[in-house]
1. Which of (1) hydroxyl-bearing (Ser, Thr, Tyr); (2) within 15 Å of the ligand (Cβ to nearest atom); (3) over 29 Å from LEU34 (Cβ atoms) is the odd one out, the single condition SER246 does not satisfy?
2. Determine which member of the set PRO69, PRO134, PRO114 is surrounded by fewer than 17 Cβ atoms within 10 Å (Cβ to Cβ) and under 21 Å from the mean Cα position of the chain (by Cα).
3. Can you name the condition, by its number, that VAL47 falls short on among (1) surrounded by fewer than 14 Cβ atoms within 10 Å (Cβ to Cβ); (2) under 20 Å from ALA274 (Cα atoms)?
4. Please work out which residue is surrounded by the most Cβ atoms within 10 Å (Cβ to Cβ), limiting yourself to region 74-94 and to residues that are in contact with a helix residue (DSSP H, G or I) (Cβ under 6 Å, 6 or more places away or on another chain) and not in a helix (DSSP H, G or I).
5. Take the conditions away from the ligand (no atom under 16 Å from the Cβ) and among the small types (Gly, Ala, Ser) and apply them to GLY152. Does it pass?
6. Sort out which residues of region 256-277 are farther than 14 Å from ASN51 by Cβ, part of a helix (DSSP H, G or I) and small (Gly, Ala, Ser), and write them in order of number.
7. Is it true that some residue in region 230-242 is more than 9 Å from the ligand (Cβ to nearest atom), surrounded by fewer than 20 Cβ atoms within 10 Å (Cβ to Cβ), touching a residue at least 40 places away in the same chain (Cβ under 8 Å) and not acidic (Asp, Glu)?
8. Can you tell me how many residues in region 200-229 are among the charged types (D, E, K, R), surrounded by fewer than 24 Cβ atoms within 10 Å (Cβ to Cβ) and within 14 Å of the ligand (Cβ to nearest atom)?
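The values are calculated or read from the model by the stated rules, or taken from the named source; none is laboratory data. Predicted model only: the values in this text are computed from it and were never measured. Backbone-built Cβ (ideal geometry, glycine too); neighbour counts: all protein chains shown.
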Amino acid sequence: MAILIDGKSISTQIKDEVKEQVSELSKKGITVSLAVIQVGNDPASSVYVRNKKKACEYCGIKSLSYELPEETTEEELLKLIRDLNENKDCNGILVQLPLPKHINEDRILDEISPLKDVDGFHPVNVGCLSIGKPGFVSCTPAGVIELIKRSGYTIEGKECVVIGRSNIVGKPMALLLLRENGTVTVTHSRTQNLKEVAKRADILVVAIGKPKMIDASYVKEGAVVIDVGIHRDSENKLCGDVDFESVEKIAGAITPVPGGVGPMTIAMLMKNCAHSVELQG
Ligand code: NAD
């Protein structure tokens, strides 16, 4: 039976470290703050925003809340972002996605100052990651690296296979594993012989958005399996992209859903907020 990688306790460890860091900064008169912008009231987004604000409170980070109506125009949102870019009392800017259809998400995300882009989505930060310069790293893949390392597994020299190549998970995940000296293969919907490729992995990271698609037939015995997916199954229970019951019998270690990667994303957002003070000098 696989060892369970406990994202809940590791994320609490990280938030406690951030809390300590934020308290040290406050002794020097520095307040860490995060602007959280939500446009419209998509219920799932409201839950995410509430959890982010709760985490800020836990860590001692001041959250500046902007709850804008659905009809907000792209120009109005761009103006708010420009104002926040200039605002010395705001360290991080987070725009909760998805945005309403009449707003171009790329245009909005590109407007955020790379020095305040705590989600790590700005092209400048993506570029910095790819050439190994300091910057913000996308929270979910950064959280996966912390999960693996803090659970005592080595990445260096290991065969790492990432399933999925999205801009927010798969691609930065591959770059981060490479930065940790893994031997990295990225697979996607057009990959041939996916099972064979996945079975090479000592570390398998799954981010495909397909409930329970990856079963034991994709996994090498003893592999570390990280499940990024989040879905509700037919009984409305949370599940991932990995078929947990099947894979836990063969993997060496596995993340559960819920309680694996999910809580790490918010913890890494908090870490990025504290890091923003350093980046902004
Ligand atoms: P996405 O839809 O943007 O990308 C999916 C990727 O999977 C694509 O690159 C596609 O090529 C690949 N893919 C799709 N079908 C495939 C198949 N049959 N075989 C191989 N590859 C296939 O999704 P995303 O934004 O990367 O998210 C992936 C999953 O992770 C989703 O379930 C999402 O909800 C979840 N997610 C979780 C968190 C978190 O905090 N835990 C954060 C972001 C995303």
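1. Of (1) hydroxyl-bearing (Ser, Thr, Tyr); (2) within 15 Å of the ligand (Cβ to nearest atom); (3) over 29 Å from LEU34 (Cβ atoms), only one is false for SER246: (2).
2. Values: PRO69 fails: under 21 Å from the mean Cα position of the chain (by Cα); PRO114 fails: surrounded by fewer than 17 Cβ atoms within 10 Å (Cβ to Cβ).
The unique qualifying residue is PRO134.
3. That leaves (2) as the condition not met.
4. So, considering only residues that are in contact with a helix residue (DSSP H, G or I) (Cβ under 6 Å, 6 or more places away or on another chain) and not in a helix (DSSP H, G or I), the one surrounded by the most Cβ atoms within 10 Å (Cβ to Cβ) is GLY92.
5. Values: away from the ligand (no atom under 16 Å from the Cβ): yes; among the small types (Gly, Ala, Ser): yes.
Here the answer is yes, as GLY152 does meet what is asked.
6. Correct list: ALA274, SER276.
7. So the first thing to find is which residues in region 230-242 are more than 9 Å from the ligand (Cβ to nearest atom), and the list is 232-239, 242.
Those left that are additionally surrounded by fewer than 20 Cβ atoms within 10 Å (Cβ to Cβ): 232-238.
Now restrict to residues that are touching a residue at least 40 places away in the same chain (Cβ under 8 Å): none.
Within region 230-242, not a single residue is more than 9 Å from the ligand (Cβ to nearest atom), surrounded by fewer than 20 Cβ atoms within 10 Å (Cβ to Cβ), touching a residue at least 40 places away in the same chain (Cβ under 8 Å) and not acidic (Asp, Glu).
8. Start the filter on region 200-229 by keeping residues that are among the charged types (D, E, K, R), which leaves 200, 202, 210, 212, 215, 220-221, 227.
When the remaining residues are screened for being surrounded by fewer than 24 Cβ atoms within 10 Å (Cβ to Cβ), the result is 200, 202, 210, 212, 215, 220-221.
Still in the list and also within 14 Å of the ligand (Cβ to nearest atom): 210, 212, 215.
The qualifying residues number 3.
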